[in-house]
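Here's the structure we're looking at; comments come further down.
The values are calculated or read from the model by the stated rules, or taken from the named source; none is laboratory data. Remember, it's a predicted structure, so these values are computed and weren't measured experimentally. Don't worry about glycine lacking a Cβ; one is built from the backbone with ideal geometry, like all the others, and counts go over all protein chains shown.
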Amino acid sequence: MRNPLTIWNALAAIGLAAGTFAPAKPASADGQRRSPPMTITSYGGAYQKAVRSTFFEPFSKATGIKITEDEYNGEFSKIRAMVESKSVSWNVVDMAVDAVLQLCAEGVLETIDWKRLDLDRTKLMGADASDCGVPFLLSTTIIAYDQDKLPNGPKTIADFFDTQKFPGKRGLKKSPDKTLEWALVADGVAVKDIYKVLNTPEGVDRAFKKLDTIKKDVVWYQSNAQPAQLLSDGQVVMTQAANGRIYDAVKNSGKHFGMVWDAQVFEFALWAIPKGSPSQDAAYRFLAFAGSPQPEADLTHYLPYGPANKDAMALVDSAMKPDLPTAPENMRSALPRDAVFWADKGDELRQRFTTWLAK
């Protein structure tokens with residue numbers, strides 16, 4: 001499994017040399033035997049709308065395979081329950097790397113048979129993260145803020161924790177994931193040392209102590225669709241958020257929001273197949289299509305996520321490239337989310353976080 005910092009170095013190089021990859025033809029299933037309908041599950045909102053437009057609808061048009069959509073908030077216990085009860089209704093699921101790692105280790109996900117895919121695994125960034133997933137995009141978590149209320153910033157993670165300089169409520173996802181990392185960044189830990197420090201009891205204590213300083217000023221949210229709404233409603237002046245959601249609010253809803261790229265926490269999204277899922281032929285045809293360059297490049301027409309397929313970068317509109325997480329200036333202090341760390345320590349830290357919230 002590749003070290004997250006190695007992935008960061010590869011991404012930085014790719015961001016600087018985005019135009020060096022030649023376009024490749026997307027995989028096509030035209031002329032193949034028609035498969036039964038399938039259900040694909042993703043995260044809803046503007047994100048799922050973009051995924052629908054770039055993956056679901058074009059795939060259905062090319063293959064004749066009908067796609068039924070479902071939504072979730074990443075609670076992979078649903079997948080485990082389906083598999084254990086032998087009542088799997090999701091054919092393909094959009095998942096985070098650590099969730100894929102955990103469920104793959106438990107035997108809850110199918111091991112990907114790359115011979116069945118018309119894809120070069122070496123062309124897909126993050127493809128070696130797990131044997132149970134096919135990466136298709138790079139997303140990131142940033143700070144978003146109301147430019148009308150905070151015309152001069154914030155500009156750093158430390159500003160997010162500075163309630164004197166920047167008074168007002170802050171939004172944070174009700175999870176230790178990314179929140180503990182930012183607490184350490186705000187407390188002076190170098191990005192390259194975050195997981196080394198967080199992997200110690202003293203580092204965890206340090207992160208929670210820093211969170212104590214803003215606890216009374218935090219509005220906790222659970223869905224990725226909520227941050228933009230919290231800003232719009234004036235419930236917070238700044239918030240943790242997925243960059244794509246904020247981009248959509250600015251571009252399509254005319255919101256006056258700003259983004260802070262300092263210590264952006266980036267990660268890959270992967271398509272995975274639950275164990276025992278029906279219509280696996282259709283699932284593999286979808287994975288081949290969704291992992292090809294053109295659909296991944298097309299996703300950037302709607303949301304600024306970096307394509308996982310290296311060949312897709314040559315197909316991305318040059319006007320969009322500065323808004324991608326992989327833009328060189330946005331990667332300057334980027335923090336690669338360590339999925340292995342969260343797969344190993346996630347349960348323990350979530351329990352600690354829940355106890356801390358209740359105090």
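Being surrounded by fewer than 23 Cβ atoms within 10 Å (Cβ to Cβ), under 18 Å from the mean Cα position of the chain (by Cα), at negative phi and not in a loop (DSSP other than H, G, I, E, B) is the requirement here; does Arg52 meet it? Give the derivation first.
On the way: surrounded by fewer than 23 Cβ atoms within 10 Å (Cβ to Cβ): yes; under 18 Å from the mean Cα position of the chain (by Cα): yes; at negative phi: yes; not in a loop (DSSP other than H, G, I, E, B): yes.
Yes: the conditions hold for Arg52.
Quick one: which of Asp193, Asp162, Asp113 is at pLDDT 95 or above and more than 29 Å from Ala308 (Cα to Cα)? If you could, list the steps in order and put the result at the bottom.
Details: Asp193 fails: more than 29 Å from Ala308 (Cα to Cα); Asp113 fails: more than 29 Å from Ala308 (Cα to Cα).
Answer to the selection: Asp162.
Being surrounded by 16 or more Cβ atoms within 10 Å (Cβ to Cβ), not aromatic (Phe, Trp, Tyr) and not in a strand (DSSP E or B) narrows it down to one residue among Gly126, Gly107; which is it? Break it down stepwise before answering.
Numbers: Gly107 fails: surrounded by 16 or more Cβ atoms within 10 Å (Cβ to Cβ).
So the residue among Gly126, Gly107 that is surrounded by 16 or more Cβ atoms within 10 Å (Cβ to Cβ), not aromatic (Phe, Trp, Tyr) and not in a strand (DSSP E or B) is Gly126.
Out of the range 257-272, which residues are touching a Phe, Trp or Tyr at 6+ places or on another chain (Cβ under 8 Å), under 13 Å from Val93 (Cα atoms) and at pLDDT 95 or above?
Scanning the range 257-272 gives Leu270, Trp271.
Would you be able to tell me the number of residues in the range 44-98 that are in contact (Cβ under 8 Å) with a residue 40 or more places away in the chain, within 27 Å of Asp344 (Cβ to Cβ) and not aliphatic (A, V, I, L, M)?
Residues that pass the stated criteria total 4.
Quick check on the range 68-106: of everything there that is within 26 Å of Pro336 (Cα to Cα) and among the hydroxyl-bearing types (Ser, Thr, Tyr), which residue is modelled with the highest pLDDT?
Selected residue: Tyr72.
A quick yes/no check of all residues on (1) over 22 Å from Gly44 (Cα atoms); (2) at pLDDT 95 or above:
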| site | (1), (2) |
| --- | --- |
| Ser175 | no, yes |
| Val189 | yes, yes |
| Leu198 | yes, yes |
| Thr239 | no, yes |
| Tyr247 | no, no |
| Lys255 | no, yes |
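State all residues of the range 320-335 that are small (Gly, Ala, Ser) and either at pLDDT below 90 or in contact with a Lys or Arg (Cβ under 6 Å, 6 or more places away or on another chain) (or both); if no residue qualifies, say none. Give the derivation first.
Here is the first cut: in the range 320-335, the residues small (Gly, Ala, Ser) are 327, 333-334.
Hit for the range 320-335 is Ala327, nothing else.
Any chance you could count how many residues in the range 195-242 are more than 18 Å from Thr163 (Cβ to Cβ) and either touching a strand residue (DSSP E or B) at 6+ places or on another chain (Cβ under 6 Å) or touching a residue at least 24 places away in the same chain (Cβ under 8 Å) (or both)?
Total meeting the criteria: 14.
Do we have Arg206 as modelled with pLDDT under 95 and of a type in the set (Lys, Arg) here?
Against the criterion (modelled with pLDDT under 95 and of a type in the set (Lys, Arg)), Arg206 does not qualify.
Check Gln351 against each of (1) touching an Asp or Glu at 6+ places or on another chain (Cβ under 9 Å); (2) outside the structural domain of Glu57 (by TED's automatic domain parsing) and name the one condition it does not meet.
Among (1) touching an Asp or Glu at 6+ places or on another chain (Cβ under 9 Å); (2) outside the structural domain of Glu57 (by TED's automatic domain parsing), Gln351 violates only (1).
Run down Ala319, Ala297, Ala288, Ala283 and say which single residue is assigned to a helix (DSSP H, G or I), assigned by TED's automatic domain parsing to the domain that holds Lys66 and more than 24 Å from Gln102 (Cα to Cα).
Values: Ala319 fails: assigned to a helix (DSSP H, G or I); Ala288 fails: more than 24 Å from Gln102 (Cα to Cα); Ala283 fails: more than 24 Å from Gln102 (Cα to Cα).
So the residue among Ala319, Ala297, Ala288, Ala283 that is assigned to a helix (DSSP H, G or I), assigned by TED's automatic domain parsing to the domain that holds Lys66 and more than 24 Å from Gln102 (Cα to Cα) is Ala297.
Quick one: Ala343 ticks every box in (1) among the aliphatic types (A, V, I, L, M); (2) within 26 Å of Leu101 (Cβ to Cβ); (3) part of a loop (DSSP other than H, G, I, E, B) bar one, so which box is it?
(3)
Out of curiosity, is Asp148 touching a residue at least 60 places away in the same chain (Cβ under 8 Å) and of a type in the set (Asp, Glu)?
yes
What strands (runs of 3 or more DSSP E) completely inside the range 172-275 contain at least 1 residues that are more than 17 Å from Asn330 (Cβ to Cβ), among the aliphatic types (A, V, I, L, M) and assigned by TED's automatic domain parsing to the domain that holds Ala96?
Passing ranges, in order: 257-272.
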